[in-house]
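K.L.:
I'd like to ask you about the structure that follows.
What follows draws every value from the coordinates through simple rules; no lab data is involved. None of these values were measured; they are calculated from a predicted model. A quick note on method: Cβ atoms are made from the backbone with ideal geometry, for glycine too, and the neighbour counts reach across all protein chains shown.
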Amino acid sequence: MVVEMATTMRVMSSHVALQRRFSLLISSRNFLSRNIDTLPIQGRNLRFVISYGVTKHHLMYTKSEHVMRSSSRRTVARAMATPVVVDSEPASTVNKEAEVSTSDTELLCCPICFEPLIRKGPAGLNQAAVARSAFFCARCRKGYSTRDVYLDLTLLATAKEYQEIQKPRTELFRSPLVSFVYERGWRQNFSIYGFPGPDEEVKMAQDFLKPTVGGVLLDVSCGSGLFTRRFAQSGDFKAVIALDFSENMLRQTYEFIKQDRSLTAVDIALVRADVGRLPFATGSIDAVHAGAALHCWTSPAAGVSEISRILKPGGVFVATTYVLGPLLDFGNKELHKILKQAALISRLGPGYWDDAELEELFQICGLVDIKSIRHRNFIMLSACKPEQA
Ligand SMILES: C[S@@+](CC[C@H](N)C(=O)[O-])C[C@H]1O[C@@H](n2cnc3c(N)ncnc32)[C@H](O)[C@@H]1O
């Protein structure tokens, strides 16, 4: 069975607008540019044969940048996409090309519908392989690809005009300056509150993460990647995913990884996402680490719930944050409560929780076996996803 279709592209200077004649996946620019040519649609595998025809003037098609340049301001190009059924068995069992995805890569999901993303490109959870791959959600008909150095899987990854502003602490870390100085002095200041420092903190976390050795670790809110690199160097995990909402933190993470020769052989993938909407399959991740981050999230409850959702049964979550300590605790319960409310409302101060509240948060989100280590205002908590009944 051969179905023919055509999409018309209007090229105005470097702006390309794809007009769909058919409500098919072919309209995605990422999809076109990455040459995904086999996809399951309505239970069948369709192979697309895409060719570009140009009218009027010379036209250049730059695959990686999705840019079309034309010698005239109004050039019309024609893209012919011909879907051909390559077999009639159910798509899930026979789609060999889309099946580049291995069990490791199947964990990546669409941030909108959580459907596993179809991957076209080399397998592997490392920056190079992910950068050379295109990801596609067949249900939402949306494509995702590596921007700059990270795979952008935020809800607004494909937005051109629409914007949202996050909580101040999330926005603060998106700044290039803060991302640059983070590991060059900013993070060192945490010692004031009792943070032992990355080398010691990683050892403490590794102790809790022992049951997950050999699995995939997700470093949520990785910042400049100070823990991502240490976990990768430890050799404890088959892959480490560095995830942050800040584009500049991820760029900084990439720069530090690039400078460290010992990391070239380790699988490290860089993903941009919101902790409140993690683009991973339910029960797919062995270990999650979130250093000094809970207090930065818009909703810590949404973040911890998401982490709980993506953890495998028996998976481990380790987090560090600030708790109320000598700074706000004057030994008077009522005063303590008022100060805590004030800190919560103003969103000022390093943290506004006490140990029991954090344990309750983890419990509410479906985690068990909660342990903690406290040092002044610093707290490290570990919790597990219950084993399946
Ligand atoms: C204080 S830094 C922690 C960096 C590193 N993990 C550490 O231990 O030093 C907090 C990080 O949380 C990130 N962050 C804030 N809001 C986020 C969100 N909604 N989703 C994911 N990351 C977020 C920031 O971009 C920032 O990199």
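K.L.:
Please compute the length gained on full extension between A128 and Q163, using 0.36 nm multiplied by the number of residues separating them and subtracting their Cα-Cα distance. Walk me through the intermediate numbers first.
P.N.:
On the way: separation 35, 0.36 × 35 = 12.60 nm, distance 2.89 nm.
Stretched out fully, the A128 to Q163 stretch lengthens by 9.7 nm.
K.L.:
Shifting gears a bit: Which residues' amide hydrogens lie under 5 Å from the amide hydrogen of C109, considering only partners 5 or more residues apart or on another chain, with H built in the peptide plane?
P.N.:
Amide H to amide H, under 5 Å and 5 or more residues apart or across chains, C109 pairs with L117, F280, A281.
K.L.:
Give the residues of the range 128-147 whose amide nitrogen is closer than 17 Å to a point set 7 Å from the Cα of E106 in the direction of its Cβ.
P.N.:
136-139
K.L.:
What share of the DSSP beta bridges in the range 168-384 is antiparallel, in percent to the nearest 5?
P.N.:
Details: 14 of 32 bridges.
Rounded to the nearest five, the antiparallel share is 45 percent.
K.L.:
Want the number for E357 to H336: 0.36 nm per residue separation, take away the alpha-carbon distance, what's left?
P.N.:
Contour length minus the Cα-Cα distance gives 6.2 nm.
K.L.:
When Lys and Arg each count +1 and Asp and Glu each count -1, what net charge do the other residues less than 15 Å away from G366, Cβ to Cβ, add up to? If you can, show how the numbers build up before the last one.
P.N.:
Working: positive: R309, K312, K385; negative: E306, E359, E360, D369, E387.
In short, -2.
K.L.:
Distance from the Cα centre of the range 158-227 to that of the range 252-308, in angstrom?
P.N.:
The range 158-227 and the range 252-308 have Cα centres separated by 9 Å.
K.L.:
Out of residues 5 or more away from W353 or on other chains, whose amide H comes under 5 Å of its own, with H placed 1.01 Å from N in the peptide plane?
P.N.:
The list, which skips near neighbours in sequence, is L324.
K.L.:
May I pose another question? Can you compute 3J(HN,Hα) from phi for each residue in the range 252-261, using the Karplus curve 6.51 cos²θ - 1.76 cosθ + 1.60 with θ = phi - 60°, rounded to whole Hz and x for Gly and Pro?
P.N.:
In residue order, the calculated couplings are 5, 4, 4, 4, 5, 5, 4, 6, 9, 4 Hz.
K.L.:
Please rank C113, C137, fewest neighbouring Cβ atoms within 10 Å first, as an exposure proxy.
P.N.:
On the way: C113 11, C137 22.
Going from least to most buried by this count: C113, C137.
K.L.:
Going down the table (K160/K385; K238/K385; K120/K160; K340/K371), which pairs top 27 Å between alpha carbons? Mind showing how you got there, number by number?
P.N.:
Details: K160/K385 38 Å; K238/K385 20 Å; K120/K160 24 Å; K340/K371 23 Å.
Over 27 Å Cα-Cα: K160/K385.
K.L.:
Around G315, which amide H atoms from residues at least 5 apart in sequence, or from another chain, sit under 5 Å from its own amide H, with H modelled in the peptide plane?
P.N.:
K385
K.L.:
Between T282 and R174, what is 0.36 nm times their sequence separation minus the Cα-Cα distance? Round to one decimal in nm. List each step's numbers first, then the result.
P.N.:
Values: separation 108, 0.36 × 108 = 38.88 nm, distance 2.77 nm.
Full-extension gain reported as 36.1 nm.
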